[in-house]
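Q: Have a look at this one before I ask anything.
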Amino acid sequence: MRAVTWRGVNEIGVEDVPEPMILNDQDIIVEVGLSATCGSDLHLLGGYIPTMRAGDVLGHEFMGTVAEVGRSVTKHHVGDRVVVVSFTSCGQCWYCRQGLWSLCDNGNPNPGITEALWGQAIGGCYGYSHAMGGWAGSHARYIRVPYGDQGAFPIPENVSDERALFASDAAPTGWTGAHQAGVQHGDVVAVWGGGGVGQMAARAAMLMGADRVVVIDRYENRLEQVRTHIGAETLDYEAVDVPAELREMSGGRGPDVCIEAVGMEAHTPGAQHVYDQVKQQMRLQTDRPAAVREAIYACRKGGTVFTLGVFAGLVDKFPLGAVMNKALTLRGAQQHGHRYIPEILELMSRDEVKTEHLATHVMSLEEGPKGYAMFKNKEDGCVRAVFRPAS
Amino acid sequence: MTSSTTVASRAARAGGTLARHVRTAFDPSAGRPAGSGQPASGWLVVTVLREESDIENSPLPAPLAEFGDRVELRVRSGSDGKGTELAARLRDQPTSSSALRRLSGKDPQADLRSALRRAKQILEVGEVLVVDPTPHGERTLTPGGAFVEAWTKAAPEAGVL
């Protein structure tokens, strides 16, 4: 079958790869209907998460049809239309049972790598490096889904493929951020990053009762999507002083909750960006944390900062003094999607969550390199390039 | 067949990037990977989300049973509903090994570490998760790729458990 693969730093290929097989009794095989690029893929592309091998199949956000089931699978049948959460989690360990699904003890067959990097291993993720399990990704005709009863969810009839696709990763990641940050009724919430995850975090915060939700980005097409499809307010960080605007918008207090949905390749105007770029390129820090720094400074005293963007390792000039003295709660997580996806699909079926607008460019697998280039460079207003393997 | 488009190919950078990332994962103050030491007792421990009686009354999972009397086992209730602590150590306790050997799965406890992880999976999930053979394209030989391949092969036995 054809697949979009990582070939090297900033090099994407389209290759023939073997079809996946059932290897565990709880596996299912899904014929991929749609598979999205994700901002976190750009960290793989740029070589910032250096546990990829040439030939690895990319993609972790997808939906499709069940093509085969293992003998222990009870919830799914061949032909079911499903969306699959991007994390591989067993559903049986203590972390899964606590709803902390991305922290699964058993979903990553390569625990030694992340134990070395972070002290403990977390669950696995499709198409996201050998540190995250080495699972083949979804930019292919078929994908193997371990723990199929846990990770695949039936799509309601009235939810389109294009909408359901983003219940795989962008939406549950946003829900994870807003919920785990403890958004309360009446809160002012600021979200750094107006891509798919940031938009979904904003929508989640609104549905959780936030009084005012503000999304910060520099791309006008993304900010327009936020205003039109999400219903949140926006700030262009290249045009205004973000902390000052946020203070004014929150009665001088600062936002109650600050959600960072940017990650390790943050941009910012001015000297800070140059400093971070130089240190990152020299590997004196692995990640550029400009948005996290700003969120910490902007957050109200006693508020919560949530790092939802992907970070890999170490950062420099981290304002720990502000965290401590302002009594901030600092949290982070990969997505605990298994606990949120049923609710998200229900909201999608009632038109309370809409995501089709994120798929600005739908194309074939053969156009994989072009899709990633457009997505990376934000060409033609690309918010997400989405691949349709059957086309 | 590969049809690849180079956005701005910097593949040669990958090997150096990898080495630097590994280096930066080390705790500079300790001069070794953070938390990579080992307890003096020699026990390796996992917490299994099963009742203590379930574990005591079940056959020993095959990965641990294969060690026969070369290992000691200890089972005790975990704190606050977190499950049951299952510990194992080699009867002939090896001398302390370096952090690098532990993290690369080359220390004397590597096989036991892997067995303990697999036993936990059997007790909790009923089967041991396998990833290979996984679909992939052409594996181009590069220093970075060789390093990742070696680390991936060692990863099930390596770590700080």
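Q: Scan region A:239-253 and report the pairs whose first residue is over 14 Å from A:Asp217 (Cα atoms) and whose second residue is of a type in the set (A, V, I, L, M), with Cβ atoms within less than 8 Å and a gap of 6+ or a chain change.
A: Partner pairs satisfying both residue conditions: A:Arg247/A:Ala298; A:Met249/A:Val188; A:Met249/A:Val214; A:Ser250/A:Val188; A:Arg253/A:Val188.
Q: Here's something else I'd like to know. Give the residue, chosen from B:Pro94, B:Pro133, that is in a loop (DSSP other than H, G, I, E, B) and open to solvent by 60 Å² or more (accessible area, probe 1.4 Å). Before you say what the answer is, go through the steps one by one.
A: Working: B:Pro94 fails: open to solvent by 60 Å² or more (accessible area, probe 1.4 Å).
The conditions single out B:Pro133.
Q: Which one is nearest to B:Leu129 (Cα to Cα) among residues in region A:81-108 that are in a strand (DSSP E or B) and touching a Gly at 6+ places or on another chain (Cβ under 8 Å)? Walk me through it before giving the result.
A: Pass one, region A:81-108, residues in a strand (DSSP E or B): A:81-84, A:87-88.
Add one more test, that the residue is touching a Gly at 6+ places or on another chain (Cβ under 8 Å), and what stays is A:81-82, A:84, A:87-88.
Details: A:Arg81: 25, A:Val82: 22, A:Val84: 18, A:Phe87: 14, A:Thr88: 11 Å.
By that ranking, first place goes to A:Thr88.
Q: Among the residues of region A:1-16 satisfying the criterion of being more than 7 Å from chain B (Cβ to nearest Cβ) and under 23 Å from the mean Cα position of the chain (by Cα), which is farthest from A:His76 (Cα to Cα)?
A: Here is the first cut: in region A:1-16, the residues more than 7 Å from chain B (Cβ to nearest Cβ) are A:1-2, A:4, A:6.
Retained after the next criterion (residues that are under 23 Å from the mean Cα position of the chain (by Cα)): A:4, A:6.
Values: A:Val4: 27, A:Trp6: 31 Å.
The extreme case among them is A:Trp6.
Q: Whether any residue in region A:138-157 is assigned to a helix (DSSP H, G or I), closer than 27 Å to A:Thr360 by Cα and not aliphatic (A, V, I, L, M) is what I want to check. Show your work before the answer.
A: Looking only at region A:138-157, we keep the residues that are assigned to a helix (DSSP H, G or I), and these are A:148-151.
Checking which are closer than 27 Å to A:Thr360 by Cα leaves us with A:151.
Filter again for not aliphatic (A, V, I, L, M), leaving A:151.
Looking through region A:138-157, at least one residue is assigned to a helix (DSSP H, G or I), closer than 27 Å to A:Thr360 by Cα and not aliphatic (A, V, I, L, M).
Q: Under 9 Å between Cβ atoms, at least 6 apart or on separate chains: pull out the pairs that start in region A:360-379 with a residue that is more than 8 Å from every other protein chain (Cβ to nearest Cβ) and end on any residue that is of a type in the set (Phe, Trp, Tyr) and open to solvent by 30 Å² or more (accessible area, probe 1.4 Å).
A: From region A:360-379, the pairs are A:Lys378/A:Tyr219.
Q: Sort out which residues of region B:70-91 are more than 13 Å from chain A (Cβ to nearest Cβ) and part of a loop (DSSP other than H, G, I, E, B), and write them in order of number.
A: Restricting attention to region B:70-91, the residues satisfying the condition of being more than 13 Å from chain A (Cβ to nearest Cβ) are B:70-77, B:87-91.
B:Arg91 - this is the single residue of region B:70-91 that is more than 13 Å from chain A (Cβ to nearest Cβ) and part of a loop (DSSP other than H, G, I, E, B).
Q: Tell me which residues, restricted to region A:211-250, are within 22 Å of the chain's Cα centre (by Cα), in a helix (DSSP H, G or I) and surrounded by fewer than 17 Cβ atoms within 10 Å (Cβ to Cβ).
A: Residues satisfying the conditions are A:Glu220, A:Asn221, A:Glu224, A:Arg227, A:Thr228, A:His229.
Q: Do you know which of the residues in region A:109-129 that are open to solvent by less than 10 Å² (accessible area, probe 1.4 Å) and assigned to a loop (DSSP other than H, G, I, E, B) is nearest to B:Ala155 (Cα to Cα)?
A: Going through the qualifying residues, I end up with A:Asn110.
Q: Then there is this: Has region A:64-76 got any residue that is at the interface with chain B (Cβ under 8 Å from one of its Cβ atoms) and open to solvent by 10 Å² or more (accessible area, probe 1.4 Å)? Steps first, please.
A: As a first pass, look at region A:64-76 and keep what is at the interface with chain B (Cβ under 8 Å from one of its Cβ atoms): A:72.
Going one step further and asking which of them are open to solvent by 10 Å² or more (accessible area, probe 1.4 Å), we end up with A:72.
Yes; the residues of region A:64-76 include at least one that is at the interface with chain B (Cβ under 8 Å from one of its Cβ atoms) and open to solvent by 10 Å² or more (accessible area, probe 1.4 Å).
Q: Further, regarding this structure: Does B:Arg139 qualify as being more than 9 Å from chain A (Cβ to nearest Cβ), open to solvent by 40 Å² or more (accessible area, probe 1.4 Å) and among the basic types (Lys, Arg)?
A: On the way: more than 9 Å from chain A (Cβ to nearest Cβ): no; open to solvent by 40 Å² or more (accessible area, probe 1.4 Å): yes; among the basic types (Lys, Arg): yes.
Considered against the rule, which asks whether it is more than 9 Å from chain A (Cβ to nearest Cβ), open to solvent by 40 Å² or more (accessible area, probe 1.4 Å) and among the basic types (Lys, Arg), B:Arg139 comes out as no.
Q: If you don't mind, another one. Can you confirm whether region A:251-266 contains a residue that is more than 24 Å from the chain's Cα centre (by Cα), modelled with pLDDT of 95 or more and either open to solvent by 70 Å² or more (accessible area, probe 1.4 Å) or closer than 27 Å to A:Leu347 by Cβ (or both)? Write out each step before concluding.
A: Taking region A:251-266 and keeping what is more than 24 Å from the chain's Cα centre (by Cα), we get A:251-254.
Now restrict to residues that are modelled with pLDDT of 95 or more: A:251-254.
Filter once more, keeping what is either open to solvent by 70 Å² or more (accessible area, probe 1.4 Å) or closer than 27 Å to A:Leu347 by Cβ (or both): A:253.
Yes, that holds for at least one residue.
Q: Could you tell me which numbered condition A:Gly332 fails, if it satisfies all but one of (1) within 20 Å of A:Asp41 (Cα to Cα); (2) crowded, with 19+ Cβ neighbours inside 10 Å?
A: Answer for A:Gly332: the failing condition is (2).
Q: With the structure loaded, tell me whether A:Glu19 is closer than 18 Å to A:Gly134 by Cβ, facing another protein chain (nearest Cβ under 8 Å) and in a strand (DSSP E or B) or whether it fails that test.
A: Values: closer than 18 Å to A:Gly134 by Cβ: yes; facing another protein chain (nearest Cβ under 8 Å): yes; in a strand (DSSP E or B): no.
Taking the combined requirement at face value, the residue does not satisfy it.
Q: Same structure, new question: Does A:Tyr147 qualify as being more than 22 Å from A:Gly47 (Cα to Cα), open to solvent by less than 10 Å² (accessible area, probe 1.4 Å), of a type in the set (Ser, Thr, Tyr) and within 12 Å of chain B (Cβ to nearest Cβ)? Walk me through how you get there before you give the answer.
A: Working: more than 22 Å from A:Gly47 (Cα to Cα): yes; open to solvent by less than 10 Å² (accessible area, probe 1.4 Å): yes; of a type in the set (Ser, Thr, Tyr): yes; within 12 Å of chain B (Cβ to nearest Cβ): yes.
So A:Tyr147 fits the description; yes.
Q: Here are some residues: A:Ala171, A:Ala204, A:Ala190. Which one is touching a Cys at 6+ places or on another chain (Cβ under 6 Å), surrounded by 17 or more Cβ atoms within 10 Å (Cβ to Cβ) and not in a loop (DSSP other than H, G, I, E, B)?
A: Working: A:Ala171 fails: touching a Cys at 6+ places or on another chain (Cβ under 6 Å); A:Ala204 fails: touching a Cys at 6+ places or on another chain (Cβ under 6 Å).
Every option except A:Ala190 fails the conditions.
Q: Of the residues A:Gln285, A:Gln280, only one is farther than 23 Å from A:Ala170 by Cα, part of a helix (DSSP H, G or I) and either open to solvent by less than 50 Å² (accessible area, probe 1.4 Å) or within 14 Å of another protein chain (Cβ to nearest Cβ) (or both); which? Show your work before the answer.
A: Numbers: A:Gln285 fails: part of a helix (DSSP H, G or I).
Answer to the selection: A:Gln280.
Q: Given the options B:Ser4, B:Ser36, name the one that is within 8 Å of chain A (Cβ to nearest Cβ), modelled with pLDDT of 50 or more and surrounded by 16 or more Cβ atoms within 10 Å (Cβ to Cβ). Step through it out loud before you land on a result.
A: Working: B:Ser4 fails: modelled with pLDDT of 50 or more.
Being within 8 Å of chain A (Cβ to nearest Cβ), modelled with pLDDT of 50 or more and surrounded by 16 or more Cβ atoms within 10 Å (Cβ to Cβ) holds for just one of B:Ser4, B:Ser36, which is B:Ser36.
The values are calculated or read from the model by the stated rules, or taken from the named source; none is laboratory data. In this text the structure is predicted, and so the values were computed from the model without any measurement. Ideal geometry is used to build each Cβ from the backbone, glycine not excepted, and the neighbour counts take in all protein chains shown. Protein only, heavy atoms only, side chains kept; ligands, DNA and RNA dropped before computing areas. Shrake-Rupley method; radii C 1.70, N 1.55, O 1.52, S 1.80 Å.
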